[in-house]
Structures are given as C-alpha cells and as structure tokens.
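A.B. asks: Could you have a look at this structure, given as structure tokens, before my questions?
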Amino acid sequence: MFRIHCPHCREARSEEEFSYAGEAHIPRPVDPSSLSDSEWGEYLHTRTNPRGPHREMWVHTAGCRRYFNVLRDTVSYKILAVYPVGEMPPEQGEA
Amino acid sequence: MERYSLLGLVRHARHYHENWQRVWRDPAPKKAYDTVIVGGGGHGLATAYYLAKVHGVTDVAVVEKGWLGGGNTGRNTTIIRSNYLRDGSSHLYEFSLKLWEGLSQELNFNVMFSPRGVLYLGHTLHDMREIERRVNANRLNGIDAELLSAAEVQKLVPLMNCSPDARYPVLGASLQRRGGIARHDAVAWGFARAADAQGVDILQRTEVTGIRCDNGAVTGVETSRGFIGARKVACVAAGNSGVLAAMAGLKLPIESRPLQALVSEPLKPCLDVVVQSSGVHCYVSQADKGDLVIGAGTDSYNGYGQRGSFSVIEHTLQAVCELFPAFSRVRMNRHWGGIVDICPDACPIIGETPVRGLYFNCGWGTGGFKATPGSGYVFADTLAHERPHPLAAPFSLDRFATGALVDEHGAAGVAH
C-alpha cells in the first residue's frame with residue numbers, strides 16, 4: 001500500500017484512488033501488417049517484468065481520471081519518479 | 001528410504017521416537033548433473049520425482065534458494081479441483097486430480113488430500129449462465145460437475161447467507177465433489193522425500209545467480225555455491241520466472257504480482273466444503289486443524305515484495321462477512337503474500353525455449369497448487385523425451401506467436 005503523487009492534481013493520494021495501466025513505453029507498431037506473428041505476439045504479450053525499477057502507467061480513476069507515468073521499484077514498492085506521458089523518466093533511476 | 005507404516009510407528013514408539021531416519025539428505029553439490037531443476041517448490045520436486053521414478057533419470061539436482069516449499073507452495077489456499085472450461089486445461093487439471101487421489105499411497109507420505117467438494121457460487125443471471133456452461137463443458141470432458149440451486153447450496157452450507165435480501169444474493173452454484181484441499185507442506189516434503197530416495201540431490205539455500213549458455217545451448221547454472229554443469233536446466237520458480245529468463249537473455253509473456261491469503265484462529269468444525277465466489281471475490285475453506293483459510297485477490301500492479309495491498313484483504317473480508325455473517329467476529333491470525341506469474345491467458349507455460357536444453361514450467365498464475373503432481377508428471381515427460389507431453393502441448397511458449405491462447409480467465413478462480 002502506498003501513496004501516489006498525481007502530477008495533474010498535484011497531490012499525494014492513496015493507491016486505492018488509482019488504477020494500474022500496465023508497462024509504459026510500449027509503442028504500437030507503425031505498420032502492424034508488416035510484422036511477423038512472433039513480433040506481433042511480442043508486442044501484445046511480452047513484458048519486461050523487472051525485479052527492481054519499473055516504468056509503468058497509472059490513471060487517477062477516482063480523481064482527475066488522467067494518465068501519467070511512474071517509475072516504481074517492484075521490490076520495495078518505492079516510487080522513484082512521476083512524469084508525464086510522452087516523456088522519459090528522469091535520469092536518477094533508469095530502468 | 002524407511003517406509004512409514006503402522007508397524008514402523010509401533011517399533012519407533014518402543015525407542016521413544018528417537019531413531020527416525022532423516023527425511024532427505026543434505027548433499028554437497030556435484031560438479032555436474034544431467035538435469036538441474038531450479039526451484040524446490042511442489043512443482044519442481046514433483047518434476048524431479050517423476051523424472052527419477054517414471055523415466056529413470058536420477059542424475060538430477062533440485063536447486064532451491066531458500067527452503068523447500070517456502071515460496072508459493074507454502075503460501076496458497078490449497079484448493080484442488082479440475083473444473084476448467086477449455087479442453088486443454090481441463091484435461092491437464094483432471095489428470096492432476098487423478099494423481100492427487102492416489103498421491104499419499106504413491107509417496108508413502110500423508111498429503112492429507114481431502115476431497116470435500118468445491119462450490120463455486122453464482123450471484124447474477126450472467127454468473128449462472130457461465131456456471132451452467134462450465135458444468136456442461138466439464139461433463140463433456142468426463143469431469144464430475146453438478147449444478148445446485150440456492151436452496152441446495154443453503155442445505156449444504158447452513159452457515160451461508162443465501163437470503164434473497166443479500167446485497168449479492170446467491171442464486172446457485174456449481175459443485176465438484178471430487179475437489180477439495182490438501183496439506184501444502186506435506187506435498188513438498190512428500191515429493192522431496194520420495195525424490196531423494198530415488199537418488200535426486202536436493203540443494204537448499206543454493207541460489208541461482210546466472211544461467212550459462214554456449215552457442216545457443218545451456219551448459220549449467222551459476223549458483224551461490226559455485227557453478228553446476230547441466231545438460232538440461234528446468235526452471236520451475238514461480239514469481240521469479242522472468243528473472244531467470246532474463247539470465248538466459250529471454251523475455252516471457254509473464255508479469256509477477258502479489259497474491260494474498262490469510263488464516264483465522266482455529267474454530268470448531270463449521271464449514272466442510274470449499275466455497276469460492278468470483279462475483280464477490282472470496283474463497284474460503286476450513287483446514288483440518290480448524291482455521292479458516294481465506295484467499296484474497298492479486299494486486300493490480302507488478303510486485304516482487306511478497307506482500308500485498310491492505311485494500312485487497314479488506315475487500316475479501318467484506319465478501320466473507322457478507323456470505324458468512326457468523327464469521328464477522330472471528331479473528332484473523334496471519335496474512336501473507338506470494339508472488340504469482342500472471343500469463344495473458346491465465347494458463348501455464350510448459351516446455352522448451354529458444355535456448356537448447358533450457359525448459360520452463362511457469363505462468364501457473366493464481367492456481368498452480370492443484371496442478372502440482374500433474375505439472376511435475378508432464379514436465380518430467382517433456383524433459384525426458386525432449387518434446388512436449390501431449391497434455392502439455394497446448395501450453396507451449398509459441399502459443400503467444402501463433403495466437404492459440406487457452407483463455408481461462410473465467411475458470412481460473414481469481415480475478416486478475
């Protein structure tokens with residue numbers, strides 16, 4: 001259980017207000033029909049699933065209902081950074 | 001191996017039970033083995049046992065970073081059933097259930113398998129349609145399944161609130177009478193003892209820190225006790241499968257999440273079936289020593305911390321109290337989390353990988369305990385013959401490229 005600082009509401013709120021939206025930085029292939037089955041399968045299903053810092057998306061479901069990115073340690077659950085969608089995480093703890 | 005029997009008990013009683021044989025050896029690792037199994041939980045130990053017993057492969061080591069059965073084998077709610085929806089999964093789990101039925105005799109170790117029946121409740125019209133569909137699918141696959149009305153459920157479980165005034169009223173249920181529970185520690189110990197007796201080396205407190213590959217083929221594992229060579233490496237380390245895969249340069253379609261459970265103080269016998277409900281999300285049974293064993297859900301986010309969110313526990317206990325108002329004053333003794341491998345289709349991955357000689361048995365998600373003997377049996381067969389066992393064939397890693405997923409989100413029991 002942890003608190004997440006919503007960059008849109010500018011407030012730290014309980015984890016229960018948010019929904020997890022999966023790993024961040026997985027771009028949809030520009031031309032899906034040119035991909036092989038295994039490349040497409042990898043895009044759909046394969047995840048990095050690291051033990052340590054993980055770049056992930058969250059949405060503030062019970063608040064502003066907007067998405068943002070979080071860099072979180074999956075062992076200590078400590079949030080290392082919160083940053084907007086479309087940006088890369090700050091240097092301090094590269095995943 | 002010294003066989004356990006009534007006569008043995010009497011004989012040892014005469015010596016004040018001071019001369020019981022050690023249950024398994026604590027050998028020093030050899031330089032190399034034919035097969036190294038990474039992970040000393042139920043699935044890994046069962047794999048070692050069936051490799052030695054059925055296929056005569058005894059040059060095997062089971063490498064475990066902690067103690068036997070200290071991971072998900074010791075952290076689950078011990079429910080055993082085979083009422084899955086799809087053909088592939090119901091055949092696999094039914095094969096496993098049949099092994100459970102004779103497991104204590106097979107291992108000469110009492111795993112306390114108690115086929116007391118597993119109820120799966122429906123709370124809405126949609127739930128009931130899903131349940132009817134699953135009961136029919138089970139029967140077509142030769143698996144016992146019954147459909148019960150709310151009145152029949154009430155008769156079977158008098159303590160349950162089946163009133164139509166409940167917030168989520170019980171409309172009916174499916175019942176698999178052959179399902180039940182077993183003692184999880186005994187499963188790990190029984191398989192360990194029987195595998196050890198066949199000559200398998202069980203190496204506890206030996207952590208795998210790397211997987212060595214040469215020219216696309218595995219050559220062994222780096223461990224905290226030095227390098228151990230192997231012709232085949234079989235990874236059966238739920239929760240950390242992705243970490244092991246990364247050591248061999250592979251990525252898996254798996255995410256690791258905490259799944260929680262809790263037990264109450266011991267009570268007099270009051271609940272003699274396993275009750276499951278996905279609608280309100282709870283599953284509860286009463287262990288032989290009297291505790292209520294309660295399963296909660298997974299956290300929605302990835303985690304390796306072996307602990308989960310308090311809100312998930314709270315949600316499950318709300319559902320338990322709603323279904324069993326009498327339990328509202330029962331105190332909870334302990335709660336814990338285990339890290340489960342979640343696959344996109346809620347089904348396991350069993351078989352070979354792009355690295356020659358490297359095999360994975362993972363992705364059992366929230367319900368791997370019930371599959372322990374079956375998983376070990378088919379994985380041992382897959383390892384020995386270097387091709388998928390027919391029951392494991394639908395669960396190969398390449399299904400995520402071909403798209404032939406086995407969607408079991410409905411029957412897997414836990415919402416994830």
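The values are calculated or read from the model by the stated rules, or taken from the named source; none is laboratory data. What you see is a predicted model, and the numbers here were worked out from it, not measured in a lab. Ideal geometry is used to build each Cβ from the backbone, glycine not excepted, and the neighbour counts take in all protein chains shown.
A.B. asks: Here is a check on your reading of the model: is B:Asp272 at pLDDT 90 or above, within 16 Å of B:Ala173 (Cβ to Cβ), of a type in the set (D, E, K, R) and not in a helix (DSSP H, G or I)?
C.D. replies: Here the answer is yes, as B:Asp272 does meet what is asked.
A.B. asks: Would you mind telling me which numbered condition in (1) in contact with a helix residue (DSSP H, G or I) (Cβ under 6 Å, 6 or more places away or on another chain); (2) within 14 Å of chain A (Cβ to nearest Cβ); (3) more than 26 Å from B:Trp100 (Cα to Cα) B:Gly242 fails?
C.D. replies: (1)
A.B. asks: Kindly provide the set of residues from segment B:361-416 that are crowded, with 24+ Cβ neighbours inside 10 Å, of a type in the set (A, V, I, L, M) and under 20 Å from B:Lys232 (Cα atoms), ordered by number.
C.D. replies: Result: B:Val378, B:Ala380, B:Leu383.
A.B. asks: Between residues in segment B:68-85 that are farther than 24 Å from B:Arg193 by Cβ and residues that are among the hydroxyl-bearing types (Ser, Thr, Tyr), which pairs lie under 6 Å by C-beta distance while being six or more apart or on different chains?
C.D. replies: B:Ser82/B:Tyr93; B:Tyr84/B:Ser90; B:Tyr84/B:Tyr93
A.B. asks: For residues that are within 20 Å of B:Asp299 (Cα to Cα) and in a loop (DSSP other than H, G, I, E, B), scanning just segment A:8-33, find the one that is nearest to the other protein chains (Cβ to nearest Cβ).
C.D. replies: This residue is A:Phe18.
A.B. asks: Which of the residues spanning segment B:1-40 are within 21 Å of B:Val218 (Cβ to Cβ) and part of a loop (DSSP other than H, G, I, E, B)?
C.D. replies: If the condition is that a residue be within 21 Å of B:Val218 (Cβ to Cβ) and part of a loop (DSSP other than H, G, I, E, B), then B:Pro29, B:Lys30, B:Lys31, B:Gly39, B:Gly40 are the ones that fit.
A.B. asks: Oh, and also: Quick one: B:Tyr49 ticks every box in (1) crowded, with 24+ Cβ neighbours inside 10 Å; (2) in a helix (DSSP H, G or I); (3) more than 17 Å from the chain's Cα centre (by Cα) except a single one, so which number is it?
C.D. replies: Looking at each condition in turn, B:Tyr49 falls short on (3).
A.B. asks: Which of the residues spanning segment B:309-357 are within 14 Å of chain A (Cβ to nearest Cβ) and aromatic (Phe, Trp, Tyr)?
C.D. replies: B:Phe310, the sole residue that qualifies.
A.B. asks: Hey, another quick one. Can you tell me how many residues in segment A:56-72 are within 11 Å of chain B (Cβ to nearest Cβ), buried (at least 22 other Cβ atoms within 10 Å of the Cβ) and in contact (Cβ under 8 Å) with a residue 24 or more places away in the chain?
C.D. replies: The number of residues fulfilling the criteria is 2.
A.B. asks: Something else: Since B:Gly413 meets every condition but one in (1) modelled with pLDDT of 95 or more; (2) on the phi > 0 side of the Ramachandran plot, which condition does it not meet?
C.D. replies: That leaves (1) as the condition not met.
A.B. asks: Something else: Of everything in segment A:34-47 that's more than 7 Å from every other protein chain (Cβ to nearest Cβ) and touching a Lys or Arg at 6+ places or on another chain (Cβ under 8 Å), which residue is surrounded by the fewest Cβ atoms within 10 Å (Cβ to Cβ)?
C.D. replies: Among those residues, the one meeting the criterion is A:Tyr43.
A.B. asks: Follow-up question, since we're still on this one. Which number in (1) in contact with a strand residue (DSSP E or B) (Cβ under 9 Å, 6 or more places away or on another chain); (2) crowded, with 23+ Cβ neighbours inside 10 Å marks the one condition that B:Arg178 misses?
C.D. replies: (2)
A.B. asks: Working only within segment B:121-146, note down all residues that are among the acidic types (Asp, Glu), in a helix (DSSP H, G or I) and under 20 Å from B:Val284 (Cα atoms).
C.D. replies: B:Asp127
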